[in-house]
Each structure stands twice: as C-alpha cells, then as structure tokens.
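Structure, as structure tokens:
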C-alpha cells in the first residue's frame, strides 16, 4: 500500500536544507493520493510520527536539446510533491550506510 502512494524521495539542495533545519522531508507521490494517505504511508514505511503534510502539484515543463541532427523537443511530465514534517527528535535516513 505505501509503495503505491510514495513514488520516491526527492533529494535536492532545497529538500536537504529543509530536512536539516526544519525536520521536513520531500517525496514524489501518486497524483491521486491525499494528505491522510500520504501521512499513513510515511508512518508505515519509515516508522516515524508525522505532524503535518503539505502537497503541491508541480506542472510539466517543455524541454529541448541540441543534437547533431537538430533540436529535439519534448515534455517532462508533471508530478505531485509532498513535504512531510516530522515530530521533533525523529529523522529519516534515505542513504543508509553510504
């Protein structure tokens, strides 16, 4: 169930700053998932207590790249992003023992 809702963790510079300072973690989630389902999925998968869930629908973007044969144009798909706030003293370790 949790794997259907949580697609992957989103690891960027901004999400790294949020996790260090505000104890917030960012995930790419299923477009149809709501905040209650996201909260249950994170608590089930990582064994933590979630205080709040904020969601945002990120729009798709047009992309182009130059190649030898010319310019290729395409579109990146949109996705839904969830920013999960954990209770104080808890954290999620995405990388394990790297």
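If you go through region 16-44 and keep only what is part of a helix (DSSP H, G or I) and touching a strand residue (DSSP E or B) at 6+ places or on another chain (Cβ under 7 Å), you end up with 18, 19, 35, 38, 39, 41, 42, 43. So in region 74-93, with the set limited to residues that are more than 30 Å from residue 62 (Cβ to Cβ) and touching a strand residue (DSSP E or B) at 6+ places or on another chain (Cβ under 7 Å), which one is surrounded by the most Cβ atoms within 10 Å (Cβ to Cβ)? Residue satisfying both the conditions and the ranking: 86.
Of everything in region 62-97, what is closer than 20 Å to residue 47 by Cβ and either assigned to a loop (DSSP other than H, G, I, E, B) or modelled with pLDDT under 90 (or both)? Give them in sequence order.
First pass over region 62-97, keeping only residues closer than 20 Å to residue 47 by Cβ: 82-97.
Matches in region 62-97: 87, 88, 89, 90, 91, 92, 93, 94, 95, 96, 97.
Beta carbons closer than 6 Å, at least 6 apart along the sequence or on distinct chains, pair a first residue in region 29-43 that is free of Cβ contacts under 8 Å to residues at least 40 places away in the same chain with a second that is surrounded by 15 or more Cβ atoms within 10 Å (Cβ to Cβ) and part of a helix (DSSP H, G or I) for 37/5.
The values are calculated or read from the model by the stated rules, or taken from the named source; none is laboratory data. Model, not experiment: these values are computed from the prediction. So basically every Cβ, Gly included, is an ideal-geometry build from the backbone, and we count neighbours across all protein chains shown.
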